[in-house]
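Below is one structure, written out as structure tokens, with a few remarks after it.
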Amino acid sequence: MPHYYSRDQSTPMKTKLIEVCIRGYCFKFITASGVFSFGKLDRGTELLIKNMILKPGWKVLDLGCGYGPIGIVASRFVEYVVMTDINKRAVTIARKNMKLNNVSNGEVRLGNLYEPVEGEKFNSIITNPPVHAGKDVLREIVINAPNYLHDDGMLQLVIKTRLGAKFIKELMQDTFTEVVELAKGSGYRVYAGIA
């Protein structure tokens, strides 16, 4: 059975439009079946969006973008956003959501993890990682992040406290010079690893 982190989705596509007001802006998002968090902004992503560090002039990677809320909100605060996902349906919906929210300083690319951004560097990689894809995928996201970050670049992610927060934090501490907890709440933690 395909999951939201599979390339192809066989479930019939249903869509639902939601409105989210966050960080001083209101956004409209098309959500879709077969794409993570159908019909709502999940609590982990919301906590990450509210607390993610963003600076003008930054180039940001939204890794595993789903329908695009992280990257689209970030686009209001940074210079450029690249959004990637392995799920073809997610990429299609994220592109529609960029148009819907008049985002002109970003793009969505299809591909697994860092493949679509080979050779590029970012000021920050921001992700709500696909925990159910397994620890190997989480490990790959964390340990490969520094290869795609500028010096002093930052990996920011959210993780369910009971679904791997300890594992992720230790992995980040082994990979980054500094790891800080940006926020916690609703059973989630937001960490930043500084390269």
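The values are calculated or read from the model by the stated rules, or taken from the named source; none is laboratory data. On a predicted model such as this, the values are computed, not experimentally measured, just so you know. Using ideal geometry, Cβ is built from the backbone for each residue, glycine included, and neighbour counts are taken over all protein chains shown. Remember, those area values only see protein heavy atoms, side chains included, never the ligands or the DNA or RNA. Shrake-Rupley method; radii C 1.70, N 1.55, O 1.52, S 1.80 Å.
Annotation for residue 15 and residue 160: the two label points, set 7 Å from Cα along the Cα-Cβ direction, are 2.9 nm apart. Placing unit charges on each Cβ (+1 for Lys and Arg, -1 for Asp and Glu) gives the range 49-178 a dipole about its Cα centre, and among 128, 111, 173 the Cα reaching farthest toward its positive end belongs to 128. Magnitude of the charge dipole for the chain, about its Cα centre and with charges confined to Cβ atoms of Lys, Arg (+1) and Asp, Glu (-1), is about 880 debye. Just the protein heavy atoms count here, and of the accessible area of the chain at 1.4 Å, carbon and sulfur take up 49 percent. Think of a 1.4 Å ball rolled over the protein heavy atoms: the chain then has 47 Å² of accessible area per residue.
Only one residue of 185, 78, 30 has its Cα farthest out toward the positive end of the dipole of the chain, where Lys and Arg carry +1 and Asp and Glu -1 on Cβ, and that residue is 30.
In this structure, the pairs whose alpha-carbon distance is over 22 Å, taken from 59/184; 16/96; 28/99; 16/135, are 59/184; 16/135. Working from label points 7 Å from Cα in the Cα-to-Cβ sense, the residue 33 to residue 177 distance is 5.0 nm. Other residues lying with their Cβ under 14 Å from the Cβ of residue 96 contribute a combined charge of +4, Lys and Arg counting +1, Asp and Glu -1.
You can think of it this way: the chain between residue 40 and residue 121 has 26.1 nm of extra reach, that is 0.36 nm per residue less the Cα-Cα gap. Label-to-label distance, residue 184 versus residue 99, with points set 7 angstrom from Cα along the beta-carbon direction: 4.4 nm.
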